[in-house]
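Trainee: Pasting in a structure now, in structure tokens, and then I'll have a few things to ask.
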Amino acid sequence: MSTEAIIMMVAAIVIVWGGLAYSVAFLLRNPEGSVVLLDDHGRPIEPFST
């Protein structure tokens with residue numbers, strides 16, 4: 001394998017795994033269940049309970 005190919009492979013691995021790590025860290029700080037629903041005027045509304 002040439003040096004250029006190894007550099008491109010390492011860059012691709014860093015981008016993919018770095019994006020995954022960033023996504024996991026973001027979801028740990030901001031869980032998807034913490035979404036607040038807003039009405040047309042920006043006031044929070046209560047979700048429907050079933």
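Trainee: State whether one or more residues within segment 31-40 are over 16 Å from the mean Cα position of the chain (by Cα), of a type outside the set (A, V, I, L, M) and assigned to a helix (DSSP H, G or I).
Mentor: no
Trainee: If you check 3, 50, which single one turns out to be at pLDDT 90 or above and exposed (fewer than 10 other Cβ atoms within 10 Å of the Cβ)?
Mentor: Result of the check over 3, 50: 3.
Trainee: Taking the stated definitions as given, is residue 28 within 13 Å of the chain's Cα centre (by Cα), assigned to a helix (DSSP H, G or I) and exposed (fewer than 10 other Cβ atoms within 10 Å of the Cβ)?
Mentor: It is true that residue 28 is within 13 Å of the chain's Cα centre (by Cα), assigned to a helix (DSSP H, G or I) and exposed (fewer than 10 other Cβ atoms within 10 Å of the Cβ).
Trainee: Same structure again: List, please: which pairs have Cβ atoms under 6 Å, are six or more places apart or on different chains, and start with a residue in segment 7-34 that is more than 30 Å from residue 45 (Cα to Cα) and end with one that is modelled with pLDDT under 95 and of a type in the set (Phe, Trp, Tyr)?
Mentor: Close Cβ pairs satisfying both conditions: none exist.
Trainee: Okay, moving on. Looking at 42, 18, can you tell me which residue is surrounded by 10 or more Cβ atoms within 10 Å (Cβ to Cβ) and of a type outside the set (A, V, I, L, M)?
Mentor: 18
The values are calculated or read from the model by the stated rules, or taken from the named source; none is laboratory data. Bear in mind the structure is a predicted one, so any value in this text is a computation, not a measurement. Because the Cβ atoms are built from the backbone with ideal geometry, glycine has one as well, and the counts that use them run over all protein chains shown.
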